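Here it is: the structure, laid out below.
The values are calculated or read from the model by the stated rules, or taken from the named source; none is laboratory data. In this text, all values refer to a predicted model and were calculated from it rather than measured experimentally. Glycine gets a Cβ as well: all are built from the backbone with ideal geometry, and neighbour counts include every protein chain shown.
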Amino acid sequence: MGDFNEMLAADDKRGGATQPPWLIRGFRVAMQDSGLIDLPMEGHPFTWTKG
């Protein structure tokens, strides 16, 4: 399974428009209902560098 590109908490977002609480809550409920877990990040947060 890949990345859903969604947030489980409002403080996961840096800059830009905030996600509505109902959207974050709905995704969290869907994860719980599906038995999915959030795997921790390992390694560098970005795979690119400014050249």
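So, in the stretch 18-32, of the ones that are in contact with a helix residue (DSSP H, G or I) (Cβ under 8 Å, 6 or more places away or on another chain) and within 16 Å of N5 (Cβ to Cβ), which residue ends up modelled with the lowest pLDDT?
T18
Give me the pairs, please: first residue somewhere in the stretch 36-47 and under 14 Å from D12 (Cβ atoms), second residue anywhere and at pLDDT 80 or above, beta-carbon distance under 7 Å, and either six or more positions apart or on two chains.
These pairs meet every condition: D38/L8.
Still on this structure: Which of the residues spanning the stretch 19-51 are surrounded by 10 or more Cβ atoms within 10 Å (Cβ to Cβ) and either of a type in the set (D, E) or not in a helix (DSSP H, G or I) (or both)?
Q19, P20, L36, D38
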